[in-house]
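Since the structure comes first, as structure tokens, the remarks are kept for the end.
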Amino acid sequence: MVKPKYNRVLIKLSGEALAGEKGVGIDIPTVQAIAQEIKEVHDSGVEIALVIGGGNLWRGEPASEAGMDRVQADYTGMLGTVMNALVMADALQHVGVDTRVQTAIAMQQVAEPYIRGRALRHLQKGRIVIFAAGVGSPYFSTDTTSALRAAEIEADAILMAKNGVDGVYNDDPRKNADAIKFNELTHMEVLKRGLKIMDSTASSLSMDNDIDLVVFNLNESGNIKRVIFGEQIGTTVTSKISDSE
Ligand code: UDP
């Protein structure tokens, strides 16, 4: 039997992944389809943590540009990520995967507080853990949350699932037909070239903690499994200098 390449991964889904065709809000059939795909990977024995963004419901920065206090706007965004986490946890439970939501902002009637040791225990017991409410502080993103939590739980990689984007390019492939896709990159190259995979705080944190990142297209069914089993799809970002340099 083929063994998975990774034993413990953190999957980052943007909030938009849950919105389906509508692009905003939460589309339950879309969430159910993602949950089914995650279940299939989980069945192969891989330990899975999830971070889900909130951009389908709310983003702090535009709200603050429109006149709202930035901190208040960001807390609103963090609460959006909790809504997404609860919906995804429900969908995972429905397909038979034991799942726990842990929030960086305490709301004990709704979810567990984030406690690293407990998260690790859940993972070891085969439960999926969803980290919600970001890092619990304004001015951060769920990308940074992914890098931080991945370091804390010693994940082998962050799987950065993108909607309709199959990797990292040297230019926007939707605007430039000649844009070239990278198979491999280093975090340093990402930072130097200003490539927009994650925000720079998240990239630096991944670089400093030697966390691999795989950027791939979520919209192609079966891709999470392909990445976990080491198939070369998307773009892999590592701390090491790539051979192509
Ligand atoms: N947010 C925050 N701190 C965090 C994580 C998120 O303030 O640690 C807020 C921020 O306002 C952000 C919103 O939550 O715009 C939604 O998160 P994000 O933009 O990362 O979601 P995604 O783009 O991945 O859907």
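Across the stretch 164-183, what is the number of residues that are touching a residue at least 40 places away in the same chain (Cβ under 8 Å) and surrounded by 16 or more Cβ atoms within 10 Å (Cβ to Cβ)?
Matching residues across the stretch 164-183 total 5.
Quick check on this structure: which one of Ser146, Ser137 is within 22 Å of His42 (Cα to Cα) and of a type in the set (Ser, Thr, Tyr)?
Result: Ser146 is the single residue among Ser146, Ser137 that is within 22 Å of His42 (Cα to Cα) and of a type in the set (Ser, Thr, Tyr).
So Phe131 clears everything in (1) under 15 Å from the mean Cα position of the chain (by Cα); (2) over 23 Å from Leu213 (Cα atoms); (3) outside any helix (DSSP H, G or I); (4) hydrophobic (A, V, I, L, M, F, W, C) except one condition, right? Which one?
Failed condition: (2).
For Ala33, are the conditions met, namely being within 25 Å of Ala157 (Cα to Cα), surrounded by 15 or more Cβ atoms within 10 Å (Cβ to Cβ) and away from the ligand (no atom under 13 Å from the Cβ)?
no
Among Gly67, Gly60, which is the only one that is among the small types (Gly, Ala, Ser), within 19 Å of Pro138 (Cβ to Cβ), buried (at least 20 other Cβ atoms within 10 Å of the Cβ) and out of contact with any strand residue (DSSP E or B) (no Cβ under 6 Å at 6 or more places or on another chain)?
Unique residue meeting the criteria: Gly60.
I want to confirm something. Restricting to the stretch 126-171 and keeping residues that are acidic (Asp, Glu) and within 15 Å of the ligand (Cβ to nearest atom), which single residue is farthest from Met198 (Cα to Cα)?
Glu152
Checking the conditions here, which among Ile52, Ile48 is in contact with a strand residue (DSSP E or B) (Cβ under 8 Å, 6 or more places away or on another chain) and within 8 Å of the ligand (Cβ to nearest atom)?
After ruling out the rest, the residue left standing is Ile52.
Anything in the stretch 4-19 that is β-branched (Val, Ile, Thr) and closer than 15 Å to Ala151 by Cβ? List them, or say none.
Matches in the stretch 4-19: Val9 only.
Have a look at Val87, Val9 and point out the one that is more than 15 Å from the ligand (Cβ to nearest atom), among the β-branched types (Val, Ile, Thr), at pLDDT 95 or above and within 26 Å of Gly222 (Cβ to Cβ).
Every option except Val9 fails the conditions.
The values are calculated or read from the model by the stated rules, or taken from the named source; none is laboratory data. Please read all numbers here as calculations on a predicted model, not as lab measurements. We place every Cβ from the backbone using ideal geometry, glycine too, and count neighbours over all the protein chains shown.
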